[in-house]
Amino acid sequence: MQNTLANNKELIIDKLNKINTIHFNFNQTTNNETETGSCVLAFPGKLNCNYLDDKKKEIIINKKSLVVKQNRYGKIYFYPISKSPFLRILHKPDLIKIIKNSTLSNDNKIIFINHTDKNNNKIVIFFDKNKYNLLGWEVTDQFKNIINFSIKITALNQEIDSKNFKIPALN
């Protein structure tokens, strides 16, 4: 059993090393509220998500900046994320380090990477047990909300316009 889990770690890391960009659809659940949308992730540390909601919410992460835009209302909110455990998922070397130094568990379809960092932040990252694709993660935010983010990959390693990750200027 131990060999299988160690082998799963290596197979996940091998898969991640071949990926530079991911396009995916998502379901995000926070406090029993579910939101949906689509994202593009470019390693290292860039994410753009468009939510299918009435505010036309968009989230942009570019390295250490997080912006939430409500395009319908023209509002922009800036948040620091330097201490967020979520940021470590967006940086491939950090993600690989988490995988190497974490415990694994699994069921018939999913491998769970269970990690607690030095600040006692818990991260669970989910991977497909057959293809070793990223399936999502669960983190606790600064307000102690548990956020479950499940993804369905629609494309890997496609070209992404760098404008997707441009942080808007304050007006």
key: Qualifying position, being in a helix (DSSP H, G or I), at pLDDT 95 or above and open to solvent by less than 30 Å² (accessible area, probe 1.4 Å), among I22, I13   = I13
key: So I61, is it among the hydrophobic types (A, V, I, L, M, F, W, C), farther than 26 Å from F143 by Cα, surrounded by 18 or more Cβ atoms within 10 Å (Cβ to Cβ) and under 14 Å from the mean Cα position of the chain (by Cα)   = no
request  = With the condition kept exactly as written, say whether any residue in the stretch 86-104 is small (G, A, S), free of Cβ contacts under 8 Å to residues at least 60 places away in the same chain and open to solvent by 40 Å² or more (accessible area, probe 1.4 Å).
outcome  = no
ask   = Looking at (1) over 21 Å from E33 (Cβ atoms); (2) within 16 Å of the chain's Cα centre (by Cα); (3) open to solvent by 70 Å² or more (accessible area, probe 1.4 Å), which is the only condition N108 fails?
value = (2)
ask   = Is it the case that the stretch 72-80 has a residue that's open to solvent by less than 80 Å² (accessible area, probe 1.4 Å) and within 18 Å of Y51 (Cβ to Cβ)?
value = yes
query = Is one or more of the residues making up the stretch 43-50 in a loop (DSSP other than H, G, I, E, B), out of contact with any strand residue (DSSP E or B) (no Cβ under 6 Å at 6 or more places or on another chain) and surrounded by 15 or more Cβ atoms within 10 Å (Cβ to Cβ)?
reply = yes
note = Expected single match for among the basic types (K, R) and more than 26 Å from K9 (Cβ to Cβ) among K129, K75, K122 is K75
request  = Among the residues of the stretch 122-146, write down those that are open to solvent by less than 90 Å² (accessible area, probe 1.4 Å) and under 17 Å from P80 (Cα atoms).
outcome  = V139, T140, D141, N145
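The values are calculated or read from the model by the stated rules, or taken from the named source; none is laboratory data. Here the structure is a predicted model, which means the values were calculated and not measured. Neighbour counts run over all protein chains shown; Cβ positions are idealised from the backbone, glycine included. Remember, those area values only see protein heavy atoms, side chains included, never the ligands or the DNA or RNA. Shrake-Rupley method; radii C 1.70, N 1.55, O 1.52, S 1.80 Å.
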